[in-house]
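The values are calculated or read from the model by the stated rules, or taken from the named source; none is laboratory data. What you see is a predicted model, and the numbers here were worked out from it, not measured in a lab. Cβ coordinates were reconstructed from backbone atoms using ideal geometry, including for glycine residues, and neighbour counts include every protein chain displayed. Note: accessible area is taken over every heavy atom of the protein model, side chains too, but ligands, DNA and RNA are not part of it. Shrake-Rupley method; radii C 1.70, N 1.55, O 1.52, S 1.80 Å.
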Amino acid sequence: MKNHSLIIDIRRQLPWHRRYMSNTTTALLWASWLLLWRPMMILLGIIGVQNHHIVHHLLMLFLTAMEKGVIMLVVCALLLLLWNNFVPFKPFKRVAAKNTQDYAQHFALDTQHLQHCRQQKITVVHYDETGKIIEID
């Protein structure tokens, strides 16, 4: 296994019963998917025997839809690639961490008193009616 592989494949490290369960489940899901298509295939077979032009027309409609889907997928991938390369990325501005002096200036408090209050286990903050800090005990 490659050291720098983007795909993490640890299947061989799983116990045998978990690998068996995974393989069996995968086979059952594929069988169910094929059984879901069975009525459509029977219907196309009956129509094809009676009138082969309708089957050809339906097949062309399906192929045209697939072709347009692939084209739209490629166009979408190209647009995303162009957007990634030409639209400038605006990173968020990192705000510097505030220190005790910044808080003291903002709330108009004494720096030593604020440092002392931060070291205490219990601090009481008094506010006025507008929510401004008046005093810290």
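Over the range 1-102, what percent of the accessible surface lies on carbon and sulfur atoms, probe 1.4 Å? So the carbon and sulfur contribution to the accessible surface is 70 percent.
According to the calculation over all Cα-Cα pairs in the range 22-76, the P(r) per 5 Å bin from zero is 4, 17, 13, 15, 15, 16, 14, 5, 1 %. Only protein heavy atoms count here; under a 1.4 Å probe, residue 33 has an accessible surface of about 130 Å².
So how do 135, 129 rank on accessible area, 1.4 Å probe, biggest first, that is with the largest at the start? Intermediate results must be reported in sequence, preceding the final value.
Details: 135 90, 129 180 Å².
Sorted descending by solvent-accessible area, the residues read 129, 135.
Counting Lys +1, Arg +1, Asp -1, Glu -1, what net charge surrounds residue 114 among other residues with beta carbon under 13 Å of its beta carbon? Neighbourhood net charge equals -2.
Within the chain, which DSSP H helices have Cα atoms that stretch 24 Å or more along the helix axis and a mean Kyte-Doolittle hydropathy of at least 0.5?
Sorted by number, the helices that extend far enough and score high enough are 16-50, 52-86.
The residues of the chain have, on average, 99 Å² of accessible surface per residue, using a 1.4 Å probe with all protein chains present.
Calculated [222 nm] ellipticity per residue, helices only, for the chain: -22000 deg cm²/dmol; basis is -39500 (n - 2.57) per DSSP H run with n ≥ 4, divided by all residues, nearest 500. With the convex hull of its Cα atoms as the shape, the chain has an orientation-averaged projected area of 22.8 nm².
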